[in-house]
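Following: one structure in structure tokens, then a few remarks.
The values are calculated or read from the model by the stated rules, or taken from the named source; none is laboratory data. Everything quoted here is computed from the prediction, not taken from an experiment. Here the Cβ is made from the backbone with ideal geometry for all residues, glycine too, and neighbour counts use every protein chain on show. The protein model used for the area step is the full one, side chains on, heavy atoms only, and it has no ligands, DNA or RNA in it. Shrake-Rupley method; radii C 1.70, N 1.55, O 1.52, S 1.80 Å.
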Amino acid sequence: MSDAAASDPSSVTRVRRSPAEAQAWYSTLSRWYGTVATPFEADALDAGLSLLDAAPGECVLDVGTGTGEAIGPLAEAVGEDGRVVGVDIAAGMCRVARETVVAAGVADRATVACADARGLPLRDGTVDAMLASFTLELFDTPVLGDVLDEWQRVLGDDGRLCVVALSKRPETVAVRAYERLHEAFPRYLDCRPIYVRATLREAGFEVETALDLRLWGLSVTVALARPAFR
Ligand SMILES: C[S@@+](CC[C@H](N)C(=O)[O-])C[C@H]1O[C@@H](n2cnc3c(N)ncnc32)[C@H](O)[C@@H]1O
């Protein structure tokens, strides 16, 4: 089977909730997300932060920042001459992420903006490095290309993107079971596994490095990518 046939987008389950429903749901989740989800995601997030390798003086964007778990380590890495922006659509998540920024003592270089990742409040080419941890797979298949075009706009030609996402590869029993749950409860389980490498390539990124992890039987891909036609 060719690589293209093996990553057929029509085999990816669709996201059947609206952005407004995501906004409301994640605001509700925000108070206990750190207790329930963050420990489950920690190893994958650490792998993403290592691969992104933020450097002193850089401007880093954490898209779909949630409770802002990544902001502290990113702010440490960019140092006092750098800048970190966390963006999230859910007001509740933004509130908790701002508390995280203050608790981490990095308010001098980190901010949180409540905004939609499909229309980022940043100028073209102003971001050196971008992290999307368990966020890209929240967008429905037909809009994934547009979302990645928007992310590429703020990255410009020289930026890099690290995606940490639930993956269809390898398609384990747990991945298939999770997809069934996603179809049964589309409003509450809106993340679903995608073909991470193929999605990035089809949107004009070159995948430089990719790791496949296993979290409770689910496949997670951590990929570092750059705009392909620089
Ligand atoms: C699964 S959580 C991941 C949070 C964090 N990145 C982490 O790894 O713990 C996904 C986050 O994306 C946010 N989100 C969902 N749709 C979004 C959109 N269109 N624009 C910006 N953020 C969005 C949600 O509010 C939520 O906080």
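Below is a table of values for the structure above.
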read-out: Loop GluC sites (Glu not before Pro), segment 17-83, which have at most 16 other Cβ atoms in a 10 Å radius of their Cβ (DSSP); value: Glu80
read-out: Chymotrypsin sites (Phe, Trp or Tyr not before Pro) within segment 165-197, DSSP loop, no more than 15 other Cβ atoms inside 10 Å; value: Tyr188
read-out: Compactness relative to 2.2 N^0.38 Å, alpha carbon Rg of the chain; value: 0.95
read-out: Considering only the chain, percent of DSSP beta bridges that pair antiparallel, nearest 5; value: 45 percent
read-out: Principal axes of segment 80-137: Cα extent on each, largest first, Å; value: 29, 28, 18
read-out: Computed magnitude of the charge dipole of segment 3-227 (debye, nearest 20; Cβ of K, R +1, Cβ of D, E -1); value: 800 debye
read-out: Long-range amide H partners of Leu131 with built H, under 5 Å; value: Leu61, Asp62, Val63, Cys162
read-out: Over segment 3-227, relative contact order from alpha-carbon pairs under 8 Å, at least 6 apart, %; value: 22 percent
read-out: Farthest toward positive dipole pole in the chain [+1 Lys/Arg, -1 Asp/Glu at C-beta], among Val60, Val154, Tyr26; value: Tyr26
read-out: Dipole magnitude of segment 57-185 about its Cα centre (Cβ charges: Lys, Arg +1; Asp, Glu -1), debye to nearest 20; value: 320 debye
read-out: Kyte-Doolittle mean at least 1.0, axial Cα span of 15 Å or more - DSSP H helices of the chain; value: none
read-out: Centre separation in Å (Cα based) which lies between segment 9-53 and segment 167-196; value: 13 Å
read-out: Segment 82-205: C-alpha gyration tensor shape, a/c 1.5 cut-off, then a/b vs b/c; value: oblate
read-out: Å² of accessible area per residue within segment 3-227, as computed with a 1.4 Å probe and no ligands counted; value: 43 Å²
